[in-house]
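Derivation of every value follows stated rules applied to the coordinates shown; laboratory data play no part. All figures in this text were calculated on a predicted structure; none of them were measured in a lab. When we count neighbours, we look across all protein chains shown, and the Cβ atoms used for this are built from the backbone with ideal geometry, even at glycine.
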């Protein structure tokens, strides 16, 4: 009896010690798992750091020769201005994608991004009008390789000469024996408009007169008059079409533009 009582009393502390050791081991394992040090890796810590970095803090914009980013000017290359205000950015580049994820072109990697820098995207295909995704990538200390995505738009060529007709002539046809003057002015966004030429024709297609801006004033910047010199006999009663052609501030690949208006004389 004494021997059995002694064994019972000595086994209780051993069971309690084992439970305490097991609880301590579980706590240590859980701590290692949360801190990302299991197996010598800190994956969890890195993921949280990168998530806190957010997008690359840069401003990227397409370089254009015109008032708008016309698609027709980008056949082989697109230049992109890139600037940043904070953090050193290294090993950076810009890429252009369709919304479907097709890579249109990319620049070479540059070792260091200056505060105001420029990259050249080498195109795989000529740009078509529409929207694309411009991706700027770079390495930032403590964040690794991160990027910024911007939607950029390329517009089609304008289809009509950007002018408007002001105070169109009318009245009695016999009042116009030698000249018909038509006042025009440009749309300021696409000014100056150049190489302006005009004809006035009957609805049957007979040309009654021609005009162009005078020498030394071939750029239509403000309002101007197109003085159509009429053929002998002047105007006849009826309807006429004034047809104006010229060039606007868009790529030469867009070609010449035109715009017309109708006149009527008694």
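Couple of notes before you dig in:
- C-alpha center-to-center spacing [region 84-125, region 135-182] in angstrom: 27 Å
- Label-to-label distance for residue 99 and residue 241 is 3.7 nm, based on points extended 7 Å past Cα in the beta-carbon direction.
- Region 115-149 residues near the modelled residue 75 label - backbone nitrogen below 11 Å, point 7 Å along Cα→Cβ: 126
- Peptides 238-250, 211-223 ranked from most to least packed give 238-250, 211-223, packing being the mean of other C-beta atoms within 10 angstrom over each peptide's residues.
- Stretched out straight at 0.36 nm per residue, the stretch from residue 221 to residue 64 would grow longer than its current Cα-Cα span by 54.4 nm.
- Sorting 151-160, 71-80 by their mean Cβ neighbour count within 10 Å, with the most densely packed peptide first, gives 71-80, 151-160.
- Backbone N atoms of region 73-96 closer than 14 Å to the 7 Å Cα→Cβ label point of residue 123 belong to residues 73-80, 96.
- Quarter of Cα convex hull surface for region 163-265, i.e. mean projection, nm²: 6.6 nm²
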